[in-house]
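Every read-out reported here was derived from the displayed coordinates using simple, explicitly stated rules and does not represent laboratory data. No experiment lies behind these values; they were computed from the predicted model shown. Virtual Cβ from ideal backbone geometry, glycine too; neighbours counted across all protein chains shown.
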Amino acid sequence: MHYIESGAGTPLVLLHAFPVDARMWNPLRSRLEEQARVITPDQRGLGESSLDGTTARGMIEPAAAPLTVDRPSVDVAAADVLELLDQLELPRVVLGGCSMGGYVAMAVLRAAPQRVAGLLLVDTKAPADTDEQRTNRLNVASRAEQEGTGGWLAENMLPNLLGAATREKRPEVVGDLRALIEAQPADGVAWAQRAMAARPDSFEALRAFDGPAMVAVGAEDTITPPAAAREMADALPRGELVELAGSGHLPSLEAPDALADAVRPWLAGIGV
Ligand code: MLT
C-alpha cells in the first residue's frame, strides 16, 4: 500500500475520500505535522496503490505476480490499513477518515477496536446505503470500466463535493480537486464504488467505542450533511461534534485552518 508520511509525534492515520487519494490531506498535514506523525495511505486501486493491494502501481511484473483482486469491500480496505500499521510497527494510532475514508475507519473499528486510540470522522456517515444509492454506485462503477474516468466523473462529482462558497470564490481549490479526480484509475474507482455499496451499518461499532472521538463536518456538506454527523457524535460515548463554516464535503481542502484548529487540542489530549 502506498502512503505519504510526514511530521513527528502522535501517530495519526488519515484515510482519504472518494474519488481522490492521499494528497487530499496535504493542506491538513502541513498544519498538524509539528504535533503528529501524519500517515496517509492511498486506498487500494487509487492514487499509487495497486488494485491487488501489494505494491505501488507500475511496480508489478505481470508474469511474476499475476494480479488477483479481492472482492470489493470496506473490510478488505480496513485489512490493508491494519497491515500497514503492522508494517510500521504501530500497535495503536489515532485513526481518521473523510467520507469513504470514514467508512473504512469504521470498518477498522469493527475489526480491531484495540488499535484505535482515538477516532476522527470527517464528513462521513454511519448508515449503510439505500437501494437507490447502491444502484447509483454500481452504475458509476460500470461506467468507469466502460468509459474510463476522464471528464464525466469530475463534472458529476465536483458540484457535490465542494461547498457553494468554495465553488464560487476559490477556483484554485476547484482546479486542484478536478486534477485529483482525473488522476484516479478507472479500475480503482469501480472497486471503491462496489466496496462502498456493500458496506454495512456502523452504529453498533460507534456505540461500543469508548475512546475519544471527534466528528467534524462542513456546514455546507450536502453528501454527508451535519445531521449525519450529529447522529454519529450522539452514538459515540465520547463523541465531540465540530461544524466548519464555509466548507462542503472536503474540509481538508476547503477549510484546513478551521479543521486543524479543532483537531490540535483534541489530539493533544490523546495518549497513544
Ligand atoms: C466520498 O467523498 O468519499 C464519497 O462521496 C462517499 C460516498 O460516495 O458515499
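As an exercise, use a Förster radius of 30 Å and the Cβ-Cβ distance of residue 131 and residue 70 to find the FRET efficiency, rounded to the nearest 0.05. Taking R0 as 30 Å, the efficiency between residue 131 and residue 70 is 0.75.
Sites listed here are trypsin sites (Lys or Arg not before Pro) in region 188-272 whose DSSP assignment is loop and whose Cβ has at most 16 other Cβ atoms within 10 Å: 238. In the chain, the sites counted are GluC sites (Glu not before Pro) in DSSP loop states with at most 11 other Cβ atoms within 10 Å, and the longest stretch holding none of them, exclusive of the sites, is 90-272. Computed from the Cβ-Cβ distance with R0 of 30 Å, the FRET efficiency linking residue 234 to residue 82 stands at 0.65.
Quote the FRET efficiency, to the nearest 0.05, computed for residue 160 versus residue 201 with a Förster distance R0 of 22 Å and r equal to the Cβ-Cβ distance. E(calc), rounded to 0.05, equals 0.45. Available extension along the chain between residue 112 and residue 170 is 16.9 nm, counting 0.36 nm per residue and deducting the alpha carbon span. With the cut-off at 1.5 for a/c, could you classify the chain from its C-alpha gyration tensor as rounded, prolate or oblate? In terms of gyration-tensor shape, rounded.
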